[in-house]
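Colleague: The structure follows.
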């Protein structure tokens, strides 16, 4: 407003010169009167050709036409489009019988009022009628809103308008400003300004998207570089046995800060992990000598088939052959010790669960998948760290409470771990955790091995149940196998059909291993 308007002297003229701008009135109505019935379509009988899309017909009637070569339209009966896309109206001629109705090309029908009446009677005949009317209504509403928006003038603009209206000496112009514009001209000018403003807003939006895209591309390039560096670091640590891939096609998150990839458990402060077993089996063939192998000697059964797959239920302790045994490294009873051979991928999930792990090859049921490794710490240290992890809403502590007594040690994979660190929870998991002993025979310090509970297909996410050992006490409170009450409830996002909706965790945010006490 103020001094920012166009040259006042040319406002009216600029409106009339805007030929290609669609006019939208603030209110539109169709008025039918007797004068509309005088609209005629000129049809020269002698000049008609078959290519016109309709034939002339001899008509017999008692009255003569208005002139020798003009016929008056009484009503539009129908509308059609031929195979070439040409449009026609079926016209009923005034004073002629229904048999003389004929199809007339749309460009020859100079009777907009009758056409409008036809579409009012037959709105379903207008293929673009509803859409056009809705568009017009929306544009009219937007235009009305725009006009109301600009009618918030400054005081100096109000003073100028008052002078324009009330000045007797310069009634029609003041400072060259023409004030006598019709409503149609005002609407046309307002719509022109509105359209230009909308185009500018669209241009601004396009510019914003261009800037965002440019910045995103650079950030994406930087992200992919860091993810590739992380992938290379992992494969250098594992020596590519097996190779691990990193994938993020969801967001711009980069490798986790402060996380070190390790391939085996590390001892924390005050912890010693023994690796010198006191006894081993004398088997030359641990499959044929099952009764004298490590499992039976430890009071349980052999856990594996000859192919190295599980044959025992969840909760069964697994005793593998160790460094004291006579068998070699290819012994079928050394599955976890040989490590995982599966190609896995750490990927960014799209369901709000952060990083996850999926398999890049088919995994057969009962196959060993991965060992859960991290820093082995005392229970006292786990209590301290659990407070921090609780506040972050993350679960990294894995209790080693196989004996159903007070937990002595926990595995913390928060800052040191392997692929298993990124495996998510599910109420319907495809992995289960088993306690495994080999060179470390301390009953309170088993290794944690994840085995497939069913066939797992390529691209499927790997999951295990973080709270698979929960039981319910007589008071109805959920407790874990360690005897500690579960007091923290987190929303579960696993999406399984049997999802519990709530994922339980201990006050110190510890995972409870689903171990059963050996018979």
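Every number in this text was worked out from the coordinates using simple rules, so none of it is lab data. Bear in mind the structure is a predicted one, so any value in this text is a computation, not a measurement. All Cβ positions, glycine included, derive from the backbone under ideal geometry; neighbour counts span all protein chains shown.
Colleague: Between residue 214 and residue 362, what length in nm is gained on full extension when 0.36 nm per residue of separation is reduced by their alpha carbon distance? Let's see the in-between values first.
Modeller: Working: separation 148, 0.36 × 148 = 53.28 nm, distance 3.92 nm.
Going from the current span to full extension adds 49.4 nm.
Colleague: Under 18 Å from a point placed 7 Å out from the Cα of residue 326 along the Cα-to-Cβ direction: which residues of region 274-306 have their backbone N that close?
Modeller: Zone members listed by number: 278-298.
Colleague: Using only C-alpha positions, report the orientation-averaged shadow area of the convex hull of region 269-380, nm², one decimal.
Modeller: Numbers: hull surface 39.9 nm².
Here the figure is 10.0 nm², rounded to one decimal.
Colleague: What is the P(r) of region 246-512, as percent of Cα-Cα pairs per 10 Å bin from 0?
Modeller: Per 10 Å bin, starting at zero, the Cα-Cα P(r) for region 246-512 comes out as 7, 29, 36, 22, 6, 0 percent.
Colleague: Using Cα pairs under 8 angstrom and six or more residues apart, how large is the relative contact order of region 190-346, in percent? Numbers along the way, then the final one.
Modeller: Working: 140 pairs, mean separation 34.5, N = 157.
Computed over region 190-346, the figure is 22 percent.
Colleague: Can you give me the relative contact order of region 246-512 as a percent, contacts being Cα pairs under 8 Å and 6 or more apart?
Modeller: 22
Colleague: Relative contact order (percent) for region 335-382, with alpha-carbon contacts under 8 angstrom and 6 or more residues of separation? Provide the component values of the computation, followed by the final result.
Modeller: Values: 40 pairs, mean separation 17.6, N = 48.
Result for region 335-382 is 37 percent.
Colleague: To continue, here is another question. For each of 199, 125, count neighbouring Cβ atoms within 10 Å of the residue's Cβ, then give the residues from fewest to most. Please list the in-between numbers first.
Modeller: Values: 199 10, 125 13.
Placing the least packed residue first, the sequence is 199, 125.
Colleague: Only counting other Cβ atoms within 10 Å, I'd like 362, 316 sorted with the fewest neighbours first. Don't skip to the answer; put the middle values down first.
Modeller: On the way: 362 13, 316 18.
Fewest-to-most ranking of 362, 316: 362, 316.
Colleague: To continue, here is another question. For each of 126, 455, 99, count neighbouring Cβ atoms within 10 Å of the residue's Cβ, then give the residues from fewest to most. Mind dumping the intermediate values first?
Modeller: Numbers: 126 16, 455 13, 99 8.
By the 10 Å Cβ count, ascending, the order reads 99, 455, 126.
Colleague: Still on this structure, I have one more. First obtain the Kirkwood hydrodynamic radius of region 179-287 from its Cα pairs, then insert it into the Stokes-Einstein equation at 37 °C and 0.692 mPa s, and state the resulting D in µm² per second as a whole number. Can you show the working numbers first?
Modeller: On the way: Rh = 21.4 Å.
D = 153 µm²/s.
Colleague: Provide, as a two-decimal number, the C-alpha radius of gyration of region 332-459 over 2.2 N^0.38 Å, N being how many residues it has. Could you put the intermediate results ahead of the total?
Modeller: Details: Rg = 15.2 Å, N = 128, 2.2 N^0.38 = 13.9 Å.
Taking N as the residue count of region 332-459, the ratio is 1.10.
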